[in-house]
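Worksheet: the structure to be examined is printed underneath.
The values are calculated or read from the model by the stated rules, or taken from the named source; none is laboratory data. What you see is a predicted model, and the numbers here were worked out from it, not measured in a lab. Cβ: placed from backbone, ideal geometry, glycine included. Neighbour counts: every protein chain shown. Please note that ligands, DNA and RNA were not included when accessible areas were found on the heavy atoms of the full protein model with its side chains. Shrake-Rupley method; radii C 1.70, N 1.55, O 1.52, S 1.80 Å.
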Amino acid sequence: MALGGSAPTQPVDNDGRVNSVTNENFMRSNAPPPPSVALRTWKEVVTGIDRSQTVVWRSAVSSLEYASQYILTSPDARRFVEGHMKPVISILLDQQSSKIGPMEKQCVEESLRIAVTIVAKDLESKITVSLGDCKVLDTLSQIFNRKRTYYKGSKPGWNVTYSGSPEVRMLMVNEFESNGGFLALAAYLENRSNVDTTNTVLANQHFPPSDVLQQVLNAIQEAVPANLPDNDENNNVSSSRSMLPSGISGVGKNRNVSNMVDTTTQICRAVMDYIDKMSEEELKKQANDALNRIRYALQVIYEKISSIRRVDTIAFYEFWRKLTLRLITSPSLPLRLFGWEQVGELIDASAEMKPPPKHFLVENAGRTFVNGVYTYDGPTDVKGYARPGGDNTYVRKIPKAVSDKDGGGKTLTLFRCTMRSQQKWWFLSEADEEQPGTDKDTDYYQHKSRQHEEAEPPPRGWMTCRNSGIDPPPMLQSSGLVVPDGEEYNTLEHQLAKWAIENDVIELVLGDSVHREVVSRSQSLLKFLGGMCTKDEEVSPMQVDSVLPSMDTGDTSDKRNAFPNAYCLKASHLLLAWKTCTSKADAAVSAEVYQVLVFILPSIPDDLAIPLLSVIQKSLHDGAENDKHDLLPEVAEFCSTLAASSPNESGENGQMSGNTVVKGMNISDIVRQEVLKLLWAVLTHQDAPSLKSYDELKCFVTRELRVDQFGKNHREGFLKSCQVALLANASINDCSLLNQDGEFLALHMVSLTRFILEACPRDQAEFLVT
């Protein structure tokens, strides 16, 4: 270029912006070509890989350095990167870090560092969809894969283990971020998730495959810290670099937590948008396991950032429920079954995100001053939600004016402690003023919790501490939720219940396309909806009107959201289930429905269980008396399923064995009475002795009679019905009116009379006979 001449300008559009479509061609035409040594190095590496899948240590580093320098300007560099960078990285990641020397380790880690830089550059150059796909994301997937040998090591034998270098992987995640990789990836994915598929040119561009998305999301979810700094969602809170996760630490030193999370959520939203727009055929082509792993990675990310991105977390659960509804309504059975697996996952995840109770009432403790109301004293965010991951501690302060005998001036705590065994136990204690939470605390009661009891204090199963406690141990009852006023009925569990009821999910299970595998997988949902019947505390209409304006949903027109237990299992759902059993559908389907009904019976409220049992008993009589379809087999099968599910710790045929305590179903006494009425109706049916389960049902009746506190009354009532039937038969004087069926029924009632007498305790049997 002559002295004083102007430099070539980049091509621009009419609005003055750089034209991204022709910019790369401009750069190529004005950039110097790679030197011959670079071309020779690339050729050597390509030859080694193509011939023997090997690469020289130094050559790997050199070839990638040249590629990084010329990737945006040289077609030769791009051909090398897109064709051979992945195998180079794969060979290096197959090495055992504990079995190679310092020089070799340096070559591996330097090659990985350069490779993530190349991917970041290529992503930035391909952000615009019209520039085509980034074809080296599969290399990034390899580098982020925690299962690669270089990271995790190997175990060639039971007594030999080679350690890996997992820290290198997180260093590469950090390097990718430092080079603007995640920011570029966010824009890259966002543009492709919003592609208009009716445009034939853009439709040819591809969103990254599921294995790449999975590894990227896994890297992000491991890099996001478990406890982010508390802040208002609408404000950015500056943070030092040391507060940021090692992987997502920001571009430069001035990034803050909010910007880091913004990038993370942008990537996640793009992935969700892409999945949301998948057609039925595209969903069929996706491997269910791969889609589930992506969903799980998204779940972990959003749960980690929920304290500062609550709205985004709620949006993720909305996406998850929407995807699940698409799956369970799909004509494809594999997709429907996968969808029902997601329903179970949704129930568990929503329960884990449940806010802790606001109060616990401790009562019945022998150390009387321990009894009382304990109030949540754990960490909360600026809006009043409990901070995820915090220790749920509850405190009760006894006024000093109370006498010393009654604990005056004491501060009692209900808290969870991690033991040396890593188990989490709950304690009711008086905290030491100088060293709370240590052996210096005065412990009154403790609960050795199992894993499912670690989230909040269990209501029962407490034990008395020997030194300071006094029997009996207490019972606990929770109340309220640690949420802002008006959000008590808007938890993820409430949103899930509303989704299920409004979309008629139960009707989908038991509708025209009923399938036994679907029914089997629906147990958890019916049990969950049954539990939602008694989930909430009752409120007055005045309280409802006061909380409506403050609800986060933005829709105050539907007052049903503000009422307790608004969305839950209904009697119509249970009646539909029984109708399915009696419709003479596939026997396998009916068997699954029986299992579902029996499974949820202990968890549904009495006002649902009793009508169900009454309808089942009524259908037995109606079918026999009206000469309709005989429902004895269906009713007997339901009772047999009940019997099979009931704990049986008694001796043979339901008799007591030594001092063994007979355990019955975990149901209320009033429901047990309805079960006994149903069982007796089956046993007194004239065709009952022909049932295969006849003896099993008799044993079941014996057990339940021994458990029921009104068993004595039931035995007398059952015996009375036998007496009435026998007297009615004996009163027939005209032999012409007697028939074989009548005689058979009389013999049947004699047999039942003996059965009831044998089920009676000795003293009651003697009283009834004499």
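Would you say VAL81 is open to solvent by less than 40 Å² (accessible area, probe 1.4 Å) and within 39 Å of the chain's Cα centre (by Cα)?
Considered against the rule, which asks whether it is open to solvent by less than 40 Å² (accessible area, probe 1.4 Å) and within 39 Å of the chain's Cα centre (by Cα), VAL81 comes out as no.
When you check SER178 against the structure, is it among the hydroxyl-bearing types (Ser, Thr, Tyr), over 30 Å from the mean Cα position of the chain (by Cα) and modelled with pLDDT under 60, yes or no?
Judged against the criteria, SER178 is not a match.
Can you confirm whether ASP687 is over 20 Å from ALA636 (Cβ atoms), surrounded by fewer than 20 Cβ atoms within 10 Å (Cβ to Cβ) and at pLDDT 80 or above?
For ASP687, the condition - over 20 Å from ALA636 (Cβ atoms), surrounded by fewer than 20 Cβ atoms within 10 Å (Cβ to Cβ) and at pLDDT 80 or above - is not met.
Looking at the structure I just gave you, is ILE114 at pLDDT 95 or above and among the β-branched types (Val, Ile, Thr)?
Here the answer is yes, as ILE114 does meet what is asked.
So, in the stretch 514-546, of the ones that are in a loop (DSSP other than H, G, I, E, B) and either of a type outside the set (Val, Ile, Thr) or open to solvent by less than 20 Å² (accessible area, probe 1.4 Å) (or both), which residue ends up modelled with the highest pLDDT?
Residue satisfying both the conditions and the ranking: SER522.
Count, please, the residues in the stretch 91-102 that happen to be in a helix (DSSP H, G or I) and open to solvent by 70 Å² or more (accessible area, probe 1.4 Å).
2
Evaluate the stretch 320-336: report whether one residue or more is within 22 Å of ALA219 (Cβ to Cβ) and free of Cβ contacts under 8 Å to residues at least 12 places away in the same chain.
The answer is no, given that none of the residues of the stretch 320-336 is within 22 Å of ALA219 (Cβ to Cβ) and free of Cβ contacts under 8 Å to residues at least 12 places away in the same chain.
I'd like the residue in the stretch 348-361 that is open to solvent by 20 Å² or more (accessible area, probe 1.4 Å) and part of a helix (DSSP H, G or I) and, out of all such residues, is nearest to SER522 (Cα to Cα).
ASP348
For ARG169, work out the one condition from (1) closer than 19 Å to ALA67 by Cα; (2) among the basic types (Lys, Arg); (3) buried (at least 16 other Cβ atoms within 10 Å of the Cβ); (4) modelled with pLDDT of 95 or more it doesn't fulfil.
Going through the list (1) closer than 19 Å to ALA67 by Cα; (2) among the basic types (Lys, Arg); (3) buried (at least 16 other Cβ atoms within 10 Å of the Cβ); (4) modelled with pLDDT of 95 or more, ARG169 breaks only (1).
Can you confirm whether the stretch 87-96 contains a residue that is out of contact with any helix residue (DSSP H, G or I) (no Cβ under 8 Å at 6 or more places or on another chain), under 21 Å from ASP138 (Cβ atoms) and of a type outside the set (A, V, I, L, M)?
No, every residue in the stretch 87-96 fails to be out of contact with any helix residue (DSSP H, G or I) (no Cβ under 8 Å at 6 or more places or on another chain), under 21 Å from ASP138 (Cβ atoms) and of a type outside the set (A, V, I, L, M).
When you go through VAL311, VAL362 one by one, which is the residue that is of a type in the set (A, V, I, L, M, F, W, C) and touching a strand residue (DSSP E or B) at 6+ places or on another chain (Cβ under 8 Å)?
Answer to the selection: VAL362.
If we scan the stretch 40-63, do we find a residue that is under 20 Å from THR117 (Cβ atoms) and open to solvent by 60 Å² or more (accessible area, probe 1.4 Å)?
Yes: the stretch 40-63 contains one or more residues that are under 20 Å from THR117 (Cβ atoms) and open to solvent by 60 Å² or more (accessible area, probe 1.4 Å).
Please state which of the following conditions GLY511 fails to meet, knowing it meets all the rest: (1) out of contact with any His (no Cβ under 6 Å at 6 or more places or on another chain); (2) closer than 30 Å to GLY339 by Cβ; (3) surrounded by 15 or more Cβ atoms within 10 Å (Cβ to Cβ).
(3)
Residue by residue, here is whether (1) modelled with pLDDT of 95 or more; (2) among the aliphatic types (A, V, I, L, M); (3) under 20 Å from ARG521 (Cβ atoms) holds:
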site	(1), (2), (3)
SER258	no, no, no
CYS268	yes, no, no
ASN292	yes, no, yes
ARG295	yes, no, yes
LEU298	yes, yes, no
ILE308	no, yes, no
ILE314	yes, yes, no
LYS322	yes, no, yes
LEU325	yes, yes, yes
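Farther than 29 Å from MET532 by Cα and either at pLDDT 85 or above or loosely packed, with under 14 Cβ neighbours inside 10 Å (or both): is that true of GLU592 in this structure?
no
Quickly run through the stretch 364-423 and pick out the residues that are modelled with pLDDT of 90 or more, open to solvent by 60 Å² or more (accessible area, probe 1.4 Å) and among the hydroxyl-bearing types (Ser, Thr, Tyr).
The one that is modelled with pLDDT of 90 or more, open to solvent by 60 Å² or more (accessible area, probe 1.4 Å) and among the hydroxyl-bearing types (Ser, Thr, Tyr): THR368.
Name every residue in the stretch 117-163 that is at pLDDT 95 or above, more than 35 Å from the chain's Cα centre (by Cα) and of a type in the set (A, V, I, L, M, F, W, C), in order of residue number.
Listed by number, the list holds a single entry, ILE118.
Evaluate the stretch 501-511: report whether one residue or more is within 30 Å of LEU576 (Cβ to Cβ), among the small types (Gly, Ala, Ser) and not in a helix (DSSP H, G or I).
Scanning the stretch 501-511, I find at least one residue that is within 30 Å of LEU576 (Cβ to Cβ), among the small types (Gly, Ala, Ser) and not in a helix (DSSP H, G or I), so the answer is yes.
Is it true that GLN106 is over 27 Å from ASN191 (Cα atoms) and either free of Cβ contacts under 8 Å to residues at least 12 places away in the same chain or over 41 Å from the mean Cα position of the chain (by Cα) (or both)?
yes
Could you please let me know if ASP443 is at pLDDT 90 or above, in contact with a Cys (Cβ under 9 Å, 6 or more places away or on another chain) and open to solvent by 30 Å² or more (accessible area, probe 1.4 Å)?
yes
I need the full set of residues from the stretch 57-80 which are charged (D, E, K, R) and either in contact (Cβ under 8 Å) with a residue 40 or more places away in the chain or in contact with a strand residue (DSSP E or B) (Cβ under 8 Å, 6 or more places away or on another chain) (or both), in order please.
ARG58, GLU65, ASP76
With respect to ARG420, determine if the residue is within 30 Å of THR491 (Cα to Cα) and basic (Lys, Arg).
No.
Search the stretch 576-589 for residues being touching a Lys or Arg at 6+ places or on another chain (Cβ under 9 Å) and surrounded by fewer than 18 Cβ atoms within 10 Å (Cβ to Cβ), and hand back the single one that is farthest from SER513 (Cα to Cα).
Among residues in the stretch 576-589 that are touching a Lys or Arg at 6+ places or on another chain (Cβ under 9 Å) and surrounded by fewer than 18 Cβ atoms within 10 Å (Cβ to Cβ), the one farthest from SER513 (Cα to Cα) is ALA588.
Could you tell me which of the residues VAL108, VAL81, VAL119 is part of a helix (DSSP H, G or I) and within 13 Å of VAL45 (Cα to Cα)?
Unique residue meeting the criteria: VAL81.
Which fully enclosed helices (runs of 4 or more DSSP H) of the stretch 250-327 have 3 or more residues being among the hydrophobic types (A, V, I, L, M, F, W, C) and buried (at least 20 other Cβ atoms within 10 Å of the Cβ)?
It comes to 257-276, 288-304.
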